[in-house]
Amino acid sequence: MFQFANEKYLWLLLIIPLLFGIYKLANMYRKKQLKRFGELDIINTLMQNLSLPKRRWKLILFFLSLIFLIIALARPQFGTRLHEVKTESVEIMIALDVSNSMLAKDIAPNRLERAKKAIERLINNLKDDRLGIIVFAGDAYVQLPITDDYRSARMFLNTISPDIVPKQGTAIGSAINLAARSFSSENKSSKVIIIITDGENHEDDPISAAQKANENGIIVHTIGMGLPEGKPVPGPGGSGFLKDKSGNVVISKLDEKTLKKIAEAGKGTYVRASNTNVGLDMITDEISKLEKTGNTKVEFAEYDEKFTLFAWIAFVLLLIEQIISETRYRRKQNPKLK
């Protein structure tokens with residue numbers, strides 16, 4: 001495994017194009033000043049000892065040495081020894097509604113973005129638990145298989161939008177069934193499904209799906225996004241509002257009744273989100289009370305430092321750059337004897 005111990009130093013690589021730009025500007029200024037004394041072609045003939053190829057090589061070597069020096073500062077490391085780590089964990093599948101109704105703004109900035117922020121905070125607080133993400137609208141899809149790679153979880157979370165599910169609707173039952181099938185079969189730890197939606201189900205029977213999941217040892221929690229009185233659903237591109245076939249503005253209302261029944265069937269908890277609290281904290285408190293099963297995972301125990309190699313390369317390149325002269329090499333000619 002490869003990593004940088006001090007990744008922040010890699011930002012220094014941004015100074016390379018900046019320094020190159022400064023060099024080009026300085027070179028343009030130098031040429032402008034030389035033009036005051038005459039044509040550049042004529043001046044170049046008077047400077048025959050100057051070697052432009054050597055000057056370019058010196059510049060290339062200087063920038064290469066700087067790059068290797070920055071990499072050395074970031075401390076590249078390679079994992080050298082593996083060992084097994086005993087962990088206690090719970091498996092969590094989050095099913096996130098990405099239908100157009102989740103763009104309603106009764107929860108700022110809108111239901112979907114508020115839910116994503118809460119999920120990101122949950123990921124940041126996880127330690128050994130495994131997490132997966134399912135997105136659903138008219139159909140349900142696995143966005144992230146069950147994993148303990150929290151960096152990947154944050155990356156996949158950022159890509160979620162209503163556009164990633166082609167069929168509109170709210171198939172909560174399909175999302176529960178898919179989540180139940182997505183847990184790792186070999187892991188005997190407690191399993192939890194968290195449904196985050198406005199609850200406007202138009203596709204299937206989510207209550208039966210939650211009951212079936214619970215019969216298989218899976219707890220189903222629900223979080224209601226929105227307000228019972230509802231809000232208009234923004235139109236495509238955020239312009240205007242969606243309208244039905246009769247030309248009336250579509251109002252998306254929170255269906256708390258259905259979400260409470262789903263949580264009851266799944267022996268879980270229902271929480272209504274608000275502008276100040278989505279409710280994931282309350283559910284994670286419930287999850288923390290579950291029995292956790294010991295698991296084994298492989299980690300790199302030791303890392304071999306490689307920064308000295310890059311530091312030496314930088315030193316050698318800089319030394320070569322200093323040795324190279326900008327003047328042309330001319331072979332001395334022996335005078336002819338008369």
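The values are calculated or read from the model by the stated rules, or taken from the named source; none is laboratory data. Bear in mind the structure is a predicted one, so any value in this text is a computation, not a measurement. Backbone-built Cβ (ideal geometry, glycine too); neighbour counts: all protein chains shown.
Assorted remarks:
- Within this structure, Arg111 fails the test of being within 17 Å of the chain's Cα centre (by Cα) and in the same structural domain as Gly279 (by TED's automatic domain parsing).
- Single condition Arg130 does not satisfy, out of (1) touching a residue at least 60 places away in the same chain (Cβ under 8 Å); (2) closer than 30 Å to Gln3 by Cα; (3) in contact with an Asp or Glu (Cβ under 7 Å, 6 or more places away or on another chain): (1)
Results for (1) part of a strand (DSSP E or B); (2) of a type in the set (A, V, I, L, M); (3) under 14 Å from Ile194 (Cβ atoms); (4) under 22 Å from the mean Cα position of the chain (by Cα), shown as yes or no for each residue.
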{"site": "Ala115", "(1), (2), (3), (4)": "no, yes, yes, yes"}
{"site": "Lys127", "(1), (2), (3), (4)": "no, no, no, yes"}
{"site": "Val135", "(1), (2), (3), (4)": "yes, yes, yes, yes"}
{"site": "Val142", "(1), (2), (3), (4)": "yes, yes, no, yes"}
{"site": "Ala153", "(1), (2), (3), (4)": "no, yes, yes, yes"}
{"site": "Gly173", "(1), (2), (3), (4)": "no, no, no, no"}
{"site": "Phe183", "(1), (2), (3), (4)": "no, no, yes, no"}
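- Condition met for Ile107 (part of a loop (DSSP other than H, G, I, E, B), crowded, with 20+ Cβ neighbours inside 10 Å and aliphatic (A, V, I, L, M)): yes
- The set of residues in region 87-123 being closer than 30 Å to Ser189 by Cα and small (Gly, Ala, Ser) consists of Ser89, Ala95, Ala115, Ala118.
- Being surrounded by 12 or more Cβ atoms within 10 Å (Cβ to Cβ) and modelled with pLDDT under 90 holds for only one residue in Gly226, Gly230, and it is Gly230.
- Those helices (runs of 4 or more DSSP H) lying entirely in region 233-338 with at least 1 residues at pLDDT 70 or above and under 30 Å from Ser208 (Cα atoms): 256-265, 280-288
- Number of the condition not met by Thr147 [criteria: (1) surrounded by fewer than 23 Cβ atoms within 10 Å (Cβ to Cβ); (2) under 30 Å from Lys243 (Cβ atoms); (3) hydroxyl-bearing (Ser, Thr, Tyr)]: (2)
- Any hit, region 188-202, residues being without any contact (Cβ under 8 Å) to a residue 40 or more places away in the chain and buried (at least 22 other Cβ atoms within 10 Å of the Cβ): no
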